[in-house]
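Reviewing the structure listed below.
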């Protein structure tokens, strides 16, 4: 899912410079929040202290400190997900973040 939101005090990246780094926020749909959270943490993510709705989504920080969310799709019940698939996706995200920073 991709959404666009207005951020009032947003300062855009100065690409190709790096004074203001490039950023984006990911919401990753999963079917089991607990399994997905564990897989993300096993890949090096850190659970954020503030969790606004932990029964519907979990906020984590990637290796560079950028927040991302694990969430269940709207209107669905949480079920079971494959931690291997989640793990591979998060490793790709982390690799992209590490190389673009």
Original post:
If you take the residues of the stretch 89-101 that are surrounded by 10 or more Cβ atoms within 10 Å (Cβ to Cβ) and over 18 Å from residue 39 (Cβ atoms), which of them is modelled with the highest pLDDT?
Top reply: 98
**OP:** Determine, yes or no, whether residue 48 is within 15 Å of residue 32 (Cα to Cα) and either touching a helix residue (DSSP H, G or I) at 6+ places or on another chain (Cβ under 9 Å) or at pLDDT 80 or above (or both).
**Re:** no
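If I ask for residues that are modelled with pLDDT under 55 and touching a strand residue (DSSP E or B) at 6+ places or on another chain (Cβ under 8 Å), which ones from the stretch 51-88 would you list?
Listed by number, the list holds a single entry, 86.
Give me a count of the residues in the stretch 25-68 that are without any contact (Cβ under 8 Å) to a residue 40 or more places away in the chain and surrounded by 11 or more Cβ atoms within 10 Å (Cβ to Cβ).
Pass one, the stretch 25-68, residues without any contact (Cβ under 8 Å) to a residue 40 or more places away in the chain: 34, 37, 41, 46-65.
When the remaining residues are screened for being surrounded by 11 or more Cβ atoms within 10 Å (Cβ to Cβ), the result is 34, 37, 41, 46-48, 51, 54, 56-64.
Qualifying residue count for the region: 17.
The values are calculated or read from the model by the stated rules, or taken from the named source; none is laboratory data. Since the model is a prediction, treat every value here as computed from it, not as a measurement. With ideal geometry, Cβ positions are generated from the backbone for all residues, glycine too; neighbour counts draw on all protein chains shown.
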